[in-house]
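Structure first, then comments.
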Amino acid sequence: RVALAAAMLAIAARGFQCVQRRVVHTRLLATPSQKSMAATFRAGLLYADNHVLCLNKPAGMLSQLDRTGDASVNEYALAWLGEERNTKFAAAVHRLDRPVSGCLLVAASSKAAKRLSKSLADGKVEKRYLAVVAPRGDGFRVGDARYLVDGLRTVDGGSSAKKVELMPLASLARQPSPVDLAAYAKKLKPGFKVASTRYEVLAAARGEALVAVTLQATGRRHQIRAALGHRGAAIVGDAKYGPRPSGTSARATTPAIALHAASLVAPHPVADKPAIAVAAPIPDAWRDAHAPDLARAADAFLAAVAGPG
């Protein structure tokens, strides 16, 4: 009996090792090569100098490592830096949700990372977004513009990634002042933080609308997605804050949603250098998925924010 039990344990151990080898092998096959990651980063590069890189991040790429173990922007940047400069420092200084595309700043030195992070914390980095929404209520006709003031609190997403709980405070025609925001913050329950989101409707077609979005001061997790979704104008493809397509579960992930970090202006971390100003073209998939009028309006918006040259 002892011999039989030992033999069974040995067989089980060998089976477990085979499973381990298959899992590791699968992960290795799924992980892009250094050369592939360098090429992907190079294709999306909007700006590069010795201190700062800016990537037009494709939807689906992680800004930061998470429990999936998939490569993040930092790994892609390091692969490119290894080929181009043989340097080994890269740090994304802010984040975009995985299904969101667009401008993402990456520091190429620790000093630049510290200074860029301070500029972000001080509200000195100007970011503009484009989103395609599917409005179900008023306030999303061409030309409409509002400031949405909310309280946001990150909550456990259960079987899916974390999401935010929203407490609506106001919808205003004018920009709220810091004093206004402080007054709104006093109305919030513990754990909530005040956030102000401005949207303007640029174009509409086929039941969808293209909106330009800016955030007042520092952005919060999922701020744009939650603010628009709560007003009945969920971003197209965003099952977390909009209607979930039939037949999908809470575990379903969305590789891309129609939210794009369109432009970014930031003080350069080296004092005597001009500001970093970039604009990221909309994803090609937008041109196939949405009405031509929306794509034309997005292109016109990007041309305007990019300016001459």
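Given the structure, is S196 open to solvent by less than 60 Å² (accessible area, probe 1.4 Å) and touching a residue at least 60 places away in the same chain (Cβ under 8 Å)?
Considered against the rule, which asks whether it is open to solvent by less than 60 Å² (accessible area, probe 1.4 Å) and touching a residue at least 60 places away in the same chain (Cβ under 8 Å), S196 comes out as no.
Would you mind stating whether S263 is among the polar types (S, T, N, Q) and modelled with pLDDT under 95?
No.
How do the pairs read when you match residues in region 217-234 that are touching a residue at least 12 places away in the same chain (Cβ under 8 Å) with residues anywhere that are in a helix (DSSP H, G or I) and open to solvent by 40 Å² or more (accessible area, probe 1.4 Å), using Cβ under 7 Å and keeping only pairs 6 or more apart or on different chains?
From region 217-234, the pairs are T218/A121.
Are any of the residues in region 42-49 touching a Ser or Thr at 6+ places or on another chain (Cβ under 8 Å) and either in contact (Cβ under 8 Å) with a residue 12 or more places away in the chain or not polar (S, T, N, Q) (or both)?
no
Quick one: would you say A233 is in a strand (DSSP E or B) and either in contact with a strand residue (DSSP E or B) (Cβ under 7 Å, 6 or more places away or on another chain) or modelled with pLDDT of 95 or more (or both)?
no
Where residues in region 68-93 are in contact with a strand residue (DSSP E or B) (Cβ under 7 Å, 6 or more places away or on another chain), open to solvent by 20 Å² or more (accessible area, probe 1.4 Å) and not small (G, A, S), which of them is modelled with the lowest pLDDT?
Looking at residues that are in contact with a strand residue (DSSP E or B) (Cβ under 7 Å, 6 or more places away or on another chain), open to solvent by 20 Å² or more (accessible area, probe 1.4 Å) and not small (G, A, S), I get D70.
Looking for whichever is basic (K, R), under 21 Å from V265 (Cβ atoms) and surrounded by 14 or more Cβ atoms within 10 Å (Cβ to Cβ) here; the options are K118, K111, K127. Which one fits?
K127
The values are calculated or read from the model by the stated rules, or taken from the named source; none is laboratory data. Here the structure is a predicted model, which means the values were calculated and not measured. Note that each Cβ is placed from the backbone with ideal geometry, even for glycine, and that neighbours are counted across all protein chains shown. In case anyone asks, the SASA skips ligands and DNA or RNA and just uses the protein heavy atoms, side chains included. Shrake-Rupley method; radii C 1.70, N 1.55, O 1.52, S 1.80 Å.
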